[in-house]
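J.: Next up is a structure, given as structure tokens.
Every number in this text was worked out from the coordinates using simple rules, so none of it is lab data. All values reported here derive from a predicted model rather than from experimental measurement. Cβ placement follows ideal geometry from the backbone for every residue including glycine, while neighbour counts extend to all protein chains displayed.
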Amino acid sequence: MKVAISDINDERVLLKEFYSLGKLTPPPLSGYEMHNVLSGADYTFDKKLQNKKLRKMIGDLKEINEKDSSEIPLTAPRILITGCPIGGVAEKIIKPIEEAGAVVVTYENCGGAKNLERLVDETIDPIEALAEKYLSIPCSVMSPNPDREDLLKKLVDEYKVDGVVEIILQACHTYNVETHKIKRVVTQEKNIPYISLETDYSTGDTGQVKTRIEAFIEML
């Protein structure tokens, strides 16, 4: 168990370094590409091989930045995505955002920064360490949940975010309950635009979602 914890901590460190490249202006990769890597890590069982590939990928992306050869426009509005996990709606959400001329630079949602910010303590009992780690994730099922607000504000500043898109999957009531509080934090405390999109895994609302996203990006 201790070996597995160490391997996954190594993965967390590398994934955090990877998605932190979104702080660059312009970032060396699109938000859609970033999402695919972060999501794909959940389905890779050989973590040592994955970590080796991640190190190379990070090196390649840093080289793109050093050579100023990013394909992302310097003026692209910078978007933070928060809310529910978006694995099933990435095509419906991320692609329209970036096709409208913006770029997703960071993910605070499930599967993004909130899962990776804190490592599992390797100096204490493994069961206690795992419990401490996972109970500390600022998920909407926790109440009160002030750590989510703190992380959100931190990411807005560090990634120079121009707008926040919150994704609510239908029936994920805990995130839906928090939308009012998150909107207040983003629009009043950080003074940047915010939009909440409630959707599901179907394609029936694809056109509606795309129209709302395009209107939001046009306002930035």
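J.: Looking only at residues that are over 11 Å from Thr106 (Cα atoms) and among the hydrophobic types (A, V, I, L, M, F, W, C) in the range 27-37, which one is nearest to the chain's Cα centre (by Cα)?
T.: Per the stated criteria, the residue is Val37.
J.: Which one is surrounded by the most Cβ atoms within 10 Å (Cβ to Cβ), of the residues in the range 114-129 that are acidic (Asp, Glu) and over 15 Å from Leu15 (Cα atoms)?
T.: Asp121
J.: Just the residues that are in contact (Cβ under 8 Å) with a residue 40 or more places away in the chain and part of a helix (DSSP H, G or I), please, taken from the range 1-13.
T.: Within the range 1-13, Lys2, Ile5, Ser6, Asp7, Ile8, Asn9, Asp10, Glu11, Arg12, Val13 qualify.
J.: Return the total of residues in the range 114-138 being in contact with a Leu (Cβ under 7 Å, 6 or more places away or on another chain) and either within 15 Å of Arg78 (Cβ to Cβ) or among the charged types (D, E, K, R) (or both).
T.: Looking only at that region, the number is 2.
J.: Are there any pairs with C-beta distances below 8 angstrom linking a residue in the range 18-36 that is free of Cβ contacts under 8 Å to residues at least 60 places away in the same chain to a residue that is in a loop (DSSP other than H, G, I, E, B) and of a type in the set (S, T, N, Q), with the two at least 6 apart or on different chains, and if so which?
T.: Within 8 Å, the pairs are Leu24/Ser70; Pro28/Ser70; Leu29/Ser70.
J.: Shifting gears a bit: Would you point out which residue out of Lys16, Lys62 is surrounded by fewer than 16 Cβ atoms within 10 Å (Cβ to Cβ), in a helix (DSSP H, G or I) and in contact with a helix residue (DSSP H, G or I) (Cβ under 7 Å, 6 or more places away or on another chain)?
T.: None of the other options fit; the residue is Lys16.
J.: Any residue in the range 60-77 that's under 14 Å from Met34 (Cβ atoms): show its pairings with residues that are of a type in the set (Gly, Ala, Ser) and exposed (fewer than 14 other Cβ atoms within 10 Å of the Cβ) at Cβ separation under 7 Å, as long as the two are six or more apart or on different chains.
T.: Pairs found: none.
J.: Right, here's the next one. Name the residues in the range 43-99 that are among the basic types (Lys, Arg) and closer than 30 Å to Asn176 by Cβ, would you?
T.: Arg78, Lys92, Lys95 - these are the residues of the range 43-99 that are among the basic types (Lys, Arg) and closer than 30 Å to Asn176 by Cβ.
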